[in-house]
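Worksheet for the structure shown next.
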Amino acid sequence: MDMIASYLKIDPFRFRWINALDEGDLSPTGEPWKGINLKETMTAAVEASSWGKPKPDKHYGIGIACAERPTGTGESSAVVIVNGDGSVNIISGSSDPGTGSRTILCQIVAEALKVPMDRITINLVDTDSAPFDQGAGAGRTTFVAGLSAYHAALEVRKELVQQAAKILNCPQEQAQELIETRDGFLFMKSDPGKKTSYAQAVKASKKSQLMAEETFSSNEMDDTCFATHIAEVQVDPERGVVDVLRITAAHDIGFAINPAAAEGQIEGGVLQGVGFTLLEEMRRTEGKVANPTLTDYKLCTPRDAPEIVPLLIEGAPGAGPFNAKAIGETPTCPVAAAVANAVYDAVGVRITDLPITGEKIVKALKESGAVRQMAVTRRKEREHEI
């Protein structure tokens with residue numbers, strides 16, 4: 001995008017803005033895009049970064065990149081149980097290798113059942129007892145596993161309401177409209193003082209617990225997520241070392257079920273993207289991997305982490321619970337392009353293959369003649385100081 005913008009002599013931001021998707025634009029398959037928030041992420045990232053401001057140093061650079069990624073698909077099942085004491089259990093096959101599903105599923109069920117989080121426990125990935133889940137990945141956990149848990153919670157809520165109707169002397173056929181739930185209690189809308197607890201509703205069923213199992217399956221990518229990243233870097237032209245100073249990451253997330261977790265996903269994805277951009281490379285010699293261990297295969301450490309400014313852009317509804325969208329992989333996607341564009345802005349050479357190493361930058365500078373010009377400039381500066 002930047003190379004085309006440069007050829008057309010258009011500002012990189014403006015070029016992206018002109019070509020940005022809007023609500024109702026058609027996809028390559030002819031279907032209308034919906035839930036589009038790309039321009040909102042662009043505006044937020046520019047306002048929170050140093051874009052358009054004077055450069056603090058001649059070897060400082062700033063670059064922008066946008067990304068799009070659809071929400072994942074697949075199948076997941078969940079069981080939601082309300083026990084005789086009013087507490088709630090969730091059983092899901094969803095795993096939590098950093099997806100945050102343990103917390104997110106509890107929050108989704110807590111909101112659907114209107115019970116405090118401390119009344120909920122969750123069991124994940126016990127293949128002897130948990131229902132099927134396709135696995136974590138592709139930004140599908142909140143969408144697929146979340147909706148299965150959400151639908152199961154709604155089914156249990158319906159049964160709780162029907163049992164509460166017996167206690168509250170409410171007509172069974174009107175119970176779903178006349179009874180509300182809040183804080184683990186069921187009460188009449190017309191008379192909030194007339195209420196009963198979840199524990200009493202379970203007891204009225206003459207069972208030890210009420211439960212529901214639901215499966216959600218989707219083979220369609222029902223929505224898509226957008227992001228805009230702006231990278232700020234400092235480049236040492238003599239050694240080619242790139243210091244990523246800050247990355248401003250604005251993400252279209254629909255609705256943030258857990259803002260802190262969403263920001264954590266962005267921060268982790270950005271750091272992974274920095275490693276992918278500057279360090280990670282599987283080298284091969286005569287068909288063998290030359291760096292097979294973490295001693296040789298370089299990853300980002302906290303010392304390499306830039307300042308990360310995560311921005312959660314809500315408003316465009318997603319297909320997940322409470323209009324949430326995916327966040328898993330998207331934060332990694334724009335990092336490499338944003339950093340590469342920032343490097344070009346800093347020293348005037350464009351590296352188009354990853355990782356962006358010092359050797360590649362120095363070689364490109366030599367080939368462009370820029371190194372010689374920089375050396376002459378530095379010599380003149382020293383002579384002037386003397």
Please pick out the residue among 101, 87 that is farther than 26 Å from residue 218 by Cβ and in contact with a helix residue (DSSP H, G or I) (Cβ under 6 Å, 6 or more places away or on another chain).
87
How about region 129-239: which helices (runs of 4 or more DSSP H) wholly inside it have at least 1 residues that are crowded, with 20+ Cβ neighbours inside 10 Å and either among the polar types (S, T, N, Q) or in contact (Cβ under 8 Å) with a residue 24 or more places away in the chain (or both)?
146-168, 198-204
Scan region 22-31 and tell me whether some residue there is aliphatic (A, V, I, L, M), surrounded by fewer than 16 Cβ atoms within 10 Å (Cβ to Cβ) and over 30 Å from residue 347 (Cα atoms).
yes
If residue 48 passes every condition in (1) in contact (Cβ under 8 Å) with a residue 12 or more places away in the chain; (2) over 30 Å from residue 110 (Cβ atoms); (3) surrounded by fewer than 17 Cβ atoms within 10 Å (Cβ to Cβ); (4) touching a Phe, Trp or Tyr at 6+ places or on another chain (Cβ under 9 Å) but one, which one does it miss?
(4)
Is there a residue in region 239-256 that is closer than 25 Å to residue 351 by Cα, touching a Ser or Thr at 6+ places or on another chain (Cβ under 9 Å) and of a type in the set (Ser, Thr, Tyr)?
yes
Hits in region 3-25 - residues which are outside any loop (DSSP other than H, G, I, E, B) and either at pLDDT below 85 or within 24 Å of the chain's Cα centre (by Cα) (or both)
13, 16, 17, 19
Restricting attention to region 298-328, the residues that are out of contact with any helix residue (DSSP H, G or I) (no Cβ under 7 Å at 6 or more places or on another chain), more than 18 Å from residue 34 (Cα to Cα) and in a loop (DSSP other than H, G, I, E, B) number exactly 2
Can you find a residue that is hydrophobic (A, V, I, L, M, F, W, C), part of a helix (DSSP H, G or I) and assigned by TED's automatic domain parsing to the domain that holds residue 274 anywhere in region 353-363?
yes
Checklist (1) of a type in the set (Lys, Arg); (2) over 30 Å from residue 326 (Cβ atoms); (3) touching a Ser or Thr at 6+ places or on another chain (Cβ under 7 Å) applied to residue 195, failing item
(3)
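Yes or no, residue by residue, for (1) more than 27 Å from residue 143 (Cα to Cα); (2) surrounded by fewer than 16 Cβ atoms within 10 Å (Cβ to Cβ); (3) assigned by TED's automatic domain parsing to the domain that holds residue 63:
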| residue | (1), (2), (3) |
| --- | --- |
| 269 | no, no, yes |
| 293 | yes, yes, yes |
| 296 | yes, yes, yes |
| 301 | yes, yes, yes |
| 306 | yes, no, yes |
| 320 | no, no, yes |
| 325 | no, no, yes |
| 332 | no, no, yes |
Anything in region 28-43 that is in a loop (DSSP other than H, G, I, E, B) and either at negative phi or among the hydroxyl-bearing types (Ser, Thr, Tyr) (or both)? List them, or say none.
28, 29, 31, 33, 34, 36, 37
Output yes when any residue across region 260-267 is in a loop (DSSP other than H, G, I, E, B) and touching a residue at least 12 places away in the same chain (Cβ under 8 Å), and no when none is.
no
Scanning region 290-339 residue by residue, those at negative phi and in contact with a Pro (Cβ under 7 Å, 6 or more places away or on another chain) turn out to be 312
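The values are calculated or read from the model by the stated rules, or taken from the named source; none is laboratory data. What you are looking at is a predicted structure, and each value in this text was computed from that prediction instead of being measured. A quick note on method: Cβ atoms are made from the backbone with ideal geometry, for glycine too, and the neighbour counts reach across all protein chains shown.
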